[in-house]
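Data block below; observations after.
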Amino acid sequence: MKKLNNKGFTLVELIVTFAIMIVLMLIAYPAIEGLQKNSQNKVYEEYGKSMIESAKYYVTRNERDLFSDTNCVNIQLSFLLDEDTIKLFDYKDNTCSIAFVQVKKTGNKIEYDYAFTCNKGGKETFKNEIKTPGSSCKNIA
């Protein structure tokens, strides 16, 4: 009797292997997508921190004039760009519209927060709002 050459996989083994791979991909895809979203948000958050650092630099140089008649100032990103204290945000063709740093002075304490909204193709990609908005803040544009 002639001996068969059984070096390959059977059809059932291949189908089971592909089924397992598909299930693993279905489980892994949302996790990978979440990691990508978190990574993108970190880029935006780091730029927000850069805006705050830029505003701190400006406030340090101009504190006396800024808070002479108010205790709250909104420093627009366009102003910080004009002052050349920060570079323009450039990340994956995003357009960032609302962008400012809010600076509040209470006694000797100065607090900073930022608002930053970006869109890509009409879809909002990131939004950070001021936690405690000041309605009577002086705008620096």
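Scan (1) loosely packed, with under 12 Cβ neighbours inside 10 Å; (2) within 19 Å of residue 119 (Cβ to Cβ) for the single condition residue 68 breaks and write down its number.
Evaluating residue 68 over (1) loosely packed, with under 12 Cβ neighbours inside 10 Å; (2) within 19 Å of residue 119 (Cβ to Cβ) leaves (2) as the failure.
Collect the residues in the stretch 97-123 that are touching a Cys at 6+ places or on another chain (Cβ under 8 Å), crowded, with 16+ Cβ neighbours inside 10 Å and among the hydroxyl-bearing types (Ser, Thr, Tyr), keeping them in residue-number order.
117
Do we have residue 124 as at pLDDT 85 or above, in a helix (DSSP H, G or I) and under 30 Å from residue 34 (Cβ atoms) here?
No.
Here is a check on your reading of the model: is residue 91 part of a helix (DSSP H, G or I), of a type in the set (Phe, Trp, Tyr) and surrounded by 14 or more Cβ atoms within 10 Å (Cβ to Cβ)?
no
Since residue 50 meets every condition but one in (1) within 17 Å of residue 128 (Cα to Cα); (2) modelled with pLDDT of 90 or more; (3) in contact with a strand residue (DSSP E or B) (Cβ under 8 Å, 6 or more places away or on another chain); (4) small (Gly, Ala, Ser), which condition does it not meet?
(3)
Select, from 43, 73, 59, 23, the only residue that is over 27 Å from the mean Cα position of the chain (by Cα) and hydrophobic (A, V, I, L, M, F, W, C).
Within the list 43, 73, 59, 23, the selection yields 23.
Of the numbered conditions (1) under 29 Å from residue 37 (Cβ atoms); (2) in contact with a Ser or Thr (Cβ under 6 Å, 6 or more places away or on another chain); (3) not in a strand (DSSP E or B), residue 55 fails exactly one; give the number of that condition.
Here residue 55 clears every test but (2).
So, in the stretch 1-34, of the ones that are of a type in the set (A, V, I, L, M) and at pLDDT below 85, which residue ends up nearest to residue 117 (Cα to Cα)?
Among those residues, the one meeting the criterion is 4.
Got a number for residues in the stretch 33-42 being in contact (Cβ under 8 Å) with a residue 24 or more places away in the chain and surrounded by fewer than 14 Cβ atoms within 10 Å (Cβ to Cβ)?
Adding up the residues that qualify gives 1.
The values are calculated or read from the model by the stated rules, or taken from the named source; none is laboratory data. Just so we're clear, the structure is a prediction, and the values are computed from it rather than from any experiment. Ideal geometry is used to build each Cβ from the backbone, glycine not excepted, and the neighbour counts take in all protein chains shown.
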